[in-house]
Amino acid sequence: MRFCLFFLLLFTQTNTFALQSTYLAATPEGYTGLIHIPNAYTMKRGTGLVQFSNQLLSTDGSRFNQGNNYVLLFGLSNHFEASGRIAAETNDANLFFSTGEFRDLSANFKFHIPWIPPRWFDAAVGLQDYGGAASNFTNRYIVASRPLGPFRFSAGYGFELNRTERLDGFFGGVEWAVTKHLTAIAEHDSRNPN
């Protein structure tokens with residue numbers, strides 16, 4: 001069974017949920033969210049997050065492979081986050097001479113819609129793997145999130161523009177703050193439950 005470092009980030013929490021999200025984690029896909037789906041919250045201005053994971057989605061979306069997944073995420077304003085992601089099967093391949101392996105450099109953006117009253121719900125739109133020559137994980141999505149007691153619900157719709165079939169249609173998830181330092185997460189990414 002593979003051990004993924006990002007689960008430590010997802011299941012360790014410093015605060016319980018309030019009306020605004022006080023805890024955010026990066027997904028291996030390069031945006032803030034649950035396990036693999038985004039939520040409607042963004043990193044606060046001036047904050048950042050660095051993440052490494054060895055879980056790498058295959059380019060056809062059929063399985064997760066052992067690989068290297070690096071994410072660097074920044075809050076550029078209180079309503080806008082940007083991230084860079086490098087997804088690679090190996091760090092040793094010279095892609096100018098070798099074939100059969102892939103490396104994908106991604107730029108990801110998420111905009112929290114600020115004019116919706118926070119007591120209703122939070123909403124965001126996002127772009128995953130925007131631009132570039134090897135856009136293996138390109139997606140567009142809209143997502144809404146709402147805290148309710150110890151739970152935080154997120155649901156959205158994604159427009160998949162590649163072969164992975166992730167975030168291709170409706171997706172959703174729930175986070176439950178079991179204790180002050182433990183969160184349980186369940187989600188469906190429009191292809192698989194996680």
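The values are calculated or read from the model by the stated rules, or taken from the named source; none is laboratory data. Since we're looking at a predicted model, the values are computed, not measured. Here the Cβ positions follow ideal geometry from the backbone for every residue, glycine too, while neighbour counts run over all protein chains shown. Remember, those area values only see protein heavy atoms, side chains included, never the ligands or the DNA or RNA. Shrake-Rupley method; radii C 1.70, N 1.55, O 1.52, S 1.80 Å.
Can you tally the net charge around residue 75? Count Lys and Arg as +1, Asp and Glu as -1, for every other residue whose Cβ sits under 12 Å from the Cβ of residue 75.
Neighbourhood net charge equals +2.
If amide hydrogens are placed 1.01 Å from N in the peptide plane, which non-local residues have theirs closer than 5 Å to the one on residue 25?
Answer set, sorted by chain and number: 33.
Using a Förster distance of 22 angstrom, determine the FRET efficiency expected from the C-beta separation of residue 134 and residue 47, and round it to 0.05.
Efficiency for this residue pair is about 0.15.
Relative contact order (percent) for the range 114-159, with alpha-carbon contacts under 8 angstrom and 6 or more residues of separation?
Rounded, it is 31 percent for the range 114-159.
From the backbone phi of the range 185-194, what are the Karplus-calculated ³J(HN,Hα) couplings (6.51 cos²θ - 1.76 cosθ + 1.60, θ = phi - 60°) in whole Hz, Gly and Pro given as x?
Computed from phi, the couplings for the range 185-194 are 10, 9, 8, 10, 9, 6, 10, 9, x, 10 Hz.
Per residue, how much accessible area does the range 137-194 have with a 1.4 Å probe, in Å²?
49
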